Each structure stands twice: as C-alpha cells, then as structure tokens.
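Trainee: My questions all concern the structure below.
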Amino acid sequence: MAHQSDSDTGLEDQRDAGQASGVSNSDYDYSNFYYSSSDDLFAIFGPYDDWWYGTARRNGYYLFSQPMSTPPGARINLEEQLNHEPLELLNLASYNYLGLSHHPEVIAAAKDALDRYGLGAAGSPILSGTMDVHLTLEKELATFKKKEAAMVFPTGYSTNVGLLSALLRPGDWVILDQNVHASIVDGAILAKAQVRFFRHNQPADLEKKLRGTTGKRLVVVEGVYSMDGDIVCLPEMVEVSKKYGAKIMIDEAHSTFMYGAEGRGVAEHFGLEDQVDIHVGTFSKALGGQGGFVAGSQSLYNYLMGFARSRVFSCALAPAVTAGVLQALRITQREPQLRATLWSNVAHFRGLLSAAGVDVGDSTSQIIPIMIRNDRRILGIAQKLQQAGLYLQPIIFPAVAKHRSRFRVSISASHTTAQLDEAAAILVNTLREEGIL
Amino acid sequence: MSRLKPGEVQYQYRHAIGGFFEFPIEHARKLLPSSMAPIEMHHGQGILSVMMFDFNGSLVGEYGELVLSIPVAPRIIPGRPMPRASFFPFLVGTTTKASRDHAIELWHLPHFMENIEIAFTVDEHDIRAAAAQGGQSILDMHITDYEWGPVEHHYQAFEQDATGTYMATMAMNAQFSENEEERGSLEIHPHAFTAGIRNAGVNTTPFRELWMRDGFQTFQPLEKIGAGAA
C-alpha cells in the first residue's frame, strides 16, 4: 500500500484544529512521551500526535528522515518534507567517511553478487544463510584486524546487542562509558547484567565504578564517540580495567578503517590492540555499507556462533552487501591515501572553523560537532542552513543533554577542498546571522 | 495571579527550584507504592527530585517548602494536556504549621511534622537553598540558570494515604530556566528528614537543574483515583 502523506489525508489539518484547543507542549520533546500510564495501550498516541503535528514537525522535526534520491555523496538530492520541495544540497551529514558507498568497484562487486546469489541470504547464518562470500569477508576481516577470527552481523546494532547478551548473564557486571551507543546499553539490558555507567572518558570514575564489583566484569568504551567526536583515553581505560581484572571491549564503529597507521582503529593508534579483549566495528560508516563485526579469539567466535541471538535469529547479511563491503575492505587496504585524504580534509575544515571561532567542543576526529547549546534555536538554524544549501543534522535532547544541542558534521574523503570551503562559508555566515558567532 | 475557576487553588512564589539526581532504581522503588513504577533514566538509575519553594502568596500566607519526590509515569487522560512530568512526593517539609495542615488536608501529602527553616540565597545566575530544623542542617541545594523564558507547564502529583490514592494536576506559570550543565550540587546532611535518601547512593550533582521565578502554581481539585494504602 502506498504511503499517504499527512497533507494528502487531511490529518494535519485535523491535528492543527486539535492543537488550537489549547494543548501546551511547545517545549516538549521525545522524552515527554516515553513513559505514560493508562488502561489503553494506545492512549499515548493522541497526545503524541498532538505534539508531533501541532508543534514538533513544523518547528523543525521534519528535518529528520528527509528522503534522499541520490547516493550519500558530497552533493545530494532530497525532498524537503515541510513543503515537499526537491533540494540539491552539499552533504555533511552522512557517515560515508571514505566515500566508498558509491565507489565504482564496490558497486560492481555488489552487482556481481546480486547476479550470482540473488537478493537475500534466505536463512540464518547458523542454518542455510551462510554463503562463501560471508566466510571470505570474515577471513579477510580477521587478517586485517590481526585477530584469530571475526564474525559478521547483519547490522551494527545487532552486533552489540548479540555480543553483550551472549557473554553476560544476570549477576555479571558491565561498566559503560555514559556516552556509549544505545546498542551497547540495550545489549546489557537484554543480558540482564548489572550495569554501571562511568562519567564520560574519566578513568578515575571508571575505577570508582569497578571498585567493589566481583565476578565477571566487562568494561565497554568506544574508539571515537559519535556525538562529540572525541577519542577514548584508551591507555588509562585499559590500565584501570586490568587492575580490577575486568575484560575490556572497544566499539570502533567510527574509527575502524580510519585510525592507526594501517587503519585498524584507535586501539592500533595507541598500540593496544592486544590489550583489548574484544574489538567491534561496523561496515556502515567508513565502508559505506551495512552490518557489523566482532573480532577476537577463535574461542570468542565459537561461543558467539551459538549464543549471539541477534545473529542466530536474523537472516544473514545480504550477499550483495557482503560482497560490496568485502570490496570496500580491500580498497581501504590498497589505497591508504583515502585515509590521508580524509585527515587532510578534516584538518582543512577544522582550520576554517577555528579561524571563524566556531565552537567544536572536544572533537579531534572526522566527527565535528558544531555546538549551538540552545535547544530552542537549533532547529530554526537547521532550516536556514538547509535553505542556504547545506545538509546537516541537528542533534538535540534527548540524544544529547539539554542545551548541548549541536550539528554533527561528518567529513568524508570524497569532499573536495572547494566543497569544504563552500560548506564552511555557509555554516559560518549562518551562525553569524544568527548571532551564534 | 490569574482568575481562578471553581475549585482551583493557587500559590504564588518568588522562586521554585528543582534538581533531578540519579540514584539506584531499587531505592526509588522502595520509596513508591507498589502500584507505581519509577522513571528509569538510564538502565538501573532512577531519579530523586528535590524541589524547594519560596511561596509569597497563598491561602496560608508566606512559607517555604521542601519536597522530595520520585518522578513516575504520567497518567494520560483524554482531553487534558499531556503533563510535562509526574511525581510521587514521598516527604514534604514546610516552614509553618498552617501550611503543613493545609497541605495535609487538601492534598494528602506526607509531611515531616515539625517546622523546618529554608533560606534562599539568590545571585544573578544561581540560587542556593539551605533547609534546616532548629539549626540542624537537612540539605543544601545549589542550582544554576541558563536561558530564561515564560512557560506554562502542566504536572501531575500522586499521593496515597490511608483514605485513598489521589491525583493532583497543576499548572506552573513562571519565568523558567532549565539546564543539564551539571554545575549544581546537593549536600544531604544526617537528619530524620533525609533518612530515606542519605545512604541511597544519590548523585550529588544534578543532571537537570530547574528554576522558576515570579510565578504561580494553580491546582485543579484533587481527584481520588484508587483505594488507600493497606
């Protein structure tokens, strides 16, 4: 059935009328609608729709999930969702850090696999869904990561959920940086493990949270944190974890294939690959594909094969995507200049922002937050940026703390210097017009 | 102050300040009736809400109030505004007997039955409130401001005593500031008032700081929604 827009159905008008009845929720956000009590499971839908159609959507929430009709490259086409106008925008929002999602060799590999294997894997990886291309990818990943084994998962989310719920049981401890990805938190919850959060990137607080714990313990950090773009202080985290006998896991979703002399990630950058017990990464960021992986010992692989339920009970990664990811992996190893270009672009763009006095928080990576620190204004600024030709996603509460709202810039090796100059000019001019600078 | 509808009760305040503090969810559950569940902000972490009011206009004159409560799930009632938050106040202290008697009679709130003292110290961008009883400190809270703007926020409060379970709905109109900059603080002192929270692992830094000034609080008539505590 074709999806009908709200304007097609007239629902928007009805909601406007409902909103005029006096519901006051202009400063509400998603968090106001998470908890509710009622005898009717669907009772929350009414207040939520009142908020969504009455204020949220037109105040800027329409900027989320706008449909794109081009690859997530440096320039994109999308349909703006308030007035349904087509736009051509300079893209600083996609994860496509090395520009591989639309690399000709990647596309060719995926097309070949599509011809050879068909659309889907048609089975769980533990039953009929494993194809030779999956095993080739796992083998080449393990070699790349210099680990005994690597296991492929259908998504990055399912990687963390499956990994943590496979390893942890009620009574075990998992100690998380407070800024780790939702998939890590959800995996810990699914495992019914005891969870403690330590203050972001603070080894002293990690030690405080580890103190007094006994039994099986896992510390989880990320290589590059996705909202702030800062890097884990891994040497200190490893030292504290070892001191208390805890295992340590690093999620390098935003750092694998980019950090380290050979691109293996932040653990390589710090020379601590053998000190970290479990390495996680994704294919959806630097490789421009989809899926995730765990790299570690063969024993870890063997155990996950039996108990990583998010993988066991999912269809295997589509073979065309798997083949495309495999080709992207080979390109990253063959063409280290992609990483060099990325870091050159990052330095160039960071220099432009620095010269203009733009607040980028603690970022040192290819993820550069443009700190607005004003929840009421950021969505309006986002609309102006889009009207000026720049595609950037506003990040607001509850994804970040109140008044730590920001735009998240993702720099790619596929950006040209001229495009970065143009993007910085739009950004700086808009921030000046808005009085942010 | 605005014109009141029949049954509404209004309180005017110079300052109403609040801090939300993380503490283990099992402690939050202990402070709630079994029929209510605490809001869980992170897995395993509940919220302690500390509110302090400097009332300068009410049916019982000027007084100060300290409210300890646990945020719980809002109750959805068709046709009414979705509350911004809902609370179960588990202990209230006031600076006068008249205000205490009034709140117990009207709102069935659980009170500390002695007068307390509350001192507010207001600076340009922050406010401190110290609660004590007979010179013995109860708690000190420090809250900072951010951007100010006028609001009308709707809240719910649930109460339970031997006579029933009740729901109060209220609107808060004021100049309002809210932030999560983690610049505030809470110090809980040994005192009978703080017995339920003192060794409960309450974080001493609020993850959210709220400040309302020069406002008023308008209560709708209390509604009985269930039986009393066994």
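Trainee: Would you say A:Val428 is in a loop (DSSP other than H, G, I, E, B), modelled with pLDDT of 95 or more and more than 21 Å from the chain's Cα centre (by Cα)?
Mentor: On the way: in a loop (DSSP other than H, G, I, E, B): no; modelled with pLDDT of 95 or more: yes; more than 21 Å from the chain's Cα centre (by Cα): yes.
So A:Val428 fails the test.
Trainee: So, one more: Is the range B:183-197 home to any residue that is surrounded by fewer than 19 Cβ atoms within 10 Å (Cβ to Cβ), within 13 Å of chain A (Cβ to nearest Cβ) and not aromatic (Phe, Trp, Tyr)? Even if it seems obvious, please write down each step before you answer.
Mentor: Applying the first criterion (surrounded by fewer than 19 Cβ atoms within 10 Å (Cβ to Cβ)) to the range B:183-197 yields B:183, B:185, B:187, B:189-192, B:195-196.
Then keep just the ones that are within 13 Å of chain A (Cβ to nearest Cβ); that gives B:183.
Next, only the ones that are not aromatic (Phe, Trp, Tyr) stay: B:183.
Yes: the range B:183-197 contains one or more residues that are surrounded by fewer than 19 Cβ atoms within 10 Å (Cβ to Cβ), within 13 Å of chain A (Cβ to nearest Cβ) and not aromatic (Phe, Trp, Tyr).
Trainee: Can you give me the number of residues within the range A:403-437 that are touching a Pro at 6+ places or on another chain (Cβ under 8 Å) and under 15 Å from A:His348 (Cα atoms)?
Mentor: Within the range A:403-437, the first condition is being touching a Pro at 6+ places or on another chain (Cβ under 8 Å), and the residues that meet it are A:405-409.
This time we only want the ones that are under 15 Å from A:His348 (Cα atoms), so: A:409.
Summing the residues that are touching a Pro at 6+ places or on another chain (Cβ under 8 Å) and under 15 Å from A:His348 (Cα atoms) in the range A:403-437 gives 1.
Trainee: Could you please find all residues in the range A:231-254 being in contact with an Asp or Glu (Cβ under 6 Å, 6 or more places away or on another chain) and in a helix (DSSP H, G or I)?
Mentor: Within the range A:231-254, just A:Val240 meets the criteria.
Trainee: Still on this structure, please answer the following. Residues in the range A:330-367 that are in a loop (DSSP other than H, G, I, E, B), within 17 Å of A:Asp230 (Cβ to Cβ) and among the small types (Gly, Ala, Ser): how many?
Mentor: 3
Trainee: Okay, moving on. Determine which member of the set A:Gly260, A:Gly215 is surrounded by fewer than 24 Cβ atoms within 10 Å (Cβ to Cβ), more than 29 Å from A:Glu140 (Cβ to Cβ) and either not assigned by TED's automatic domain parsing to the domain that holds A:Arg330 or not polar (S, T, N, Q) (or both).
Mentor: When all the criteria are applied, what remains is A:Gly215.
Trainee: Within the set of pairs 6+ apart or on separate chains, which have a first residue in the range B:57-77 that is among the polar types (S, T, N, Q), a second that is modelled with pLDDT of 95 or more, and C-beta atoms under 6 Å apart?
Mentor: These pairs meet every condition: B:Ser58/B:Tyr11; B:Ser69/B:Ser49; B:Ser69/B:Phe87; B:Ser69/B:Phe88; B:Ser69/B:Pro89.
Trainee: Hey, another quick one. Go over the candidates A:Asp228, A:Asp186 one by one and state the one that is farther than 28 Å from A:Thr143 by Cα, in a loop (DSSP other than H, G, I, E, B) and acidic (Asp, Glu).
Mentor: It is A:Asp228.
Trainee: Among the residues of the range B:153-165, what is the count of those that are buried (at least 16 other Cβ atoms within 10 Å of the Cβ) and out of contact with any helix residue (DSSP H, G or I) (no Cβ under 9 Å at 6 or more places or on another chain)? Please lay out each step first, then the result.
Mentor: Here is the first cut: in the range B:153-165, the ones buried (at least 16 other Cβ atoms within 10 Å of the Cβ) are B:153-160, B:164-165.
Those still in the list that are out of contact with any helix residue (DSSP H, G or I) (no Cβ under 9 Å at 6 or more places or on another chain) too: B:153-156, B:158, B:160, B:164-165.
Counting residues in the range B:153-165 that are buried (at least 16 other Cβ atoms within 10 Å of the Cβ) and out of contact with any helix residue (DSSP H, G or I) (no Cβ under 9 Å at 6 or more places or on another chain) gives 8.
Trainee: Residue under question is B:Glu159, and the condition is that it be assigned to a loop (DSSP other than H, G, I, E, B) and closer than 30 Å to B:Leu4 by Cα; does it hold?
Mentor: Values: assigned to a loop (DSSP other than H, G, I, E, B): no; closer than 30 Å to B:Leu4 by Cα: yes.
When the stated conditions are applied, B:Glu159 does not pass them.
Trainee: Could you grab me the full set of residues in the range B:198-218 that are more than 13 Å from chain A (Cβ to nearest Cβ), part of a loop (DSSP other than H, G, I, E, B) and small (Gly, Ala, Ser)?
Mentor: Passing the criteria: only B:Ala200.
Trainee: So, one more: Considering only residues that are within 18 Å of A:Phe313 (Cα to Cα) and surrounded by 22 or more Cβ atoms within 10 Å (Cβ to Cβ), look in the range A:169-187 and name the one that is nearest to the other protein chains (Cβ to nearest Cβ).
Mentor: A:Gly187
Trainee: Tally time: how many residues in the range A:128-164 are surrounded by 16 or more Cβ atoms within 10 Å (Cβ to Cβ) and not in a helix (DSSP H, G or I)?
Mentor: So the count comes out to 11.
Trainee: Okay, next question. Please go through (1) within 14 Å of chain A (Cβ to nearest Cβ); (2) surrounded by 15 or more Cβ atoms within 10 Å (Cβ to Cβ); (3) more than 15 Å from the chain's Cα centre (by Cα) for B:Glu147 and return the number of the only condition it doesn't satisfy.
Mentor: With respect to (1) within 14 Å of chain A (Cβ to nearest Cβ); (2) surrounded by 15 or more Cβ atoms within 10 Å (Cβ to Cβ); (3) more than 15 Å from the chain's Cα centre (by Cα), B:Glu147 is out only on (2).
Trainee: Still on this model: Only residues that are part of a strand (DSSP E or B) and either of a type in the set (S, T, N, Q) or surrounded by fewer than 18 Cβ atoms within 10 Å (Cβ to Cβ) (or both): list them for the range B:16-35, please.
Mentor: Listed by number, the list holds a single entry, B:Pro24.
Trainee: Moving on to the next point. Output the number of the condition that A:Ser314 fails; it satisfies all remaining conditions of (1) surrounded by fewer than 22 Cβ atoms within 10 Å (Cβ to Cβ); (2) over 30 Å from A:Arg116 (Cα atoms); (3) at pLDDT 95 or above.
Mentor: (2)
Trainee: Would you confirm, using the coordinates I've provided, whether A:Phe45 is at negative phi, surrounded by fewer than 18 Cβ atoms within 10 Å (Cβ to Cβ), within 27 Å of the chain's Cα centre (by Cα) and modelled with pLDDT of 90 or more?
Mentor: When the stated conditions are applied, A:Phe45 does not pass them.
Trainee: Can you tell me how many residues within the range A:185-236 are touching a residue at least 40 places away in the same chain (Cβ under 8 Å) and within 21 Å of A:Phe270 (Cβ to Cβ)?
Mentor: 15
Trainee: Among the candidates A:Ile436, A:Ile372, single out the residue that is within 14 Å of chain B (Cβ to nearest Cβ), touching a Ser or Thr at 6+ places or on another chain (Cβ under 6 Å) and either within 25 Å of B:Asn179 (Cα to Cα) or charged (D, E, K, R) (or both).
Mentor: Values: A:Ile436 fails: touching a Ser or Thr at 6+ places or on another chain (Cβ under 6 Å).
None of the other options fit; the residue is A:Ile372.
Trainee: Yes or no: B:Pro110 touching a residue at least 24 places away in the same chain (Cβ under 8 Å) and either small (Gly, Ala, Ser) or within 14 Å of chain A (Cβ to nearest Cβ) (or both)?
Mentor: Judged against the criteria, B:Pro110 is not a match.
Trainee: Is at least one residue of the range B:36-46 outside any strand (DSSP E or B), surrounded by 23 or more Cβ atoms within 10 Å (Cβ to Cβ), in contact (Cβ under 8 Å) with a residue 40 or more places away in the chain and within 14 Å of chain A (Cβ to nearest Cβ)?
Mentor: no
The values are calculated or read from the model by the stated rules, or taken from the named source; none is laboratory data. Keep in mind that what you see is a predicted model, and the values were worked out from it rather than measured. Cβ: placed from backbone, ideal geometry, glycine included. Neighbour counts: every protein chain shown.
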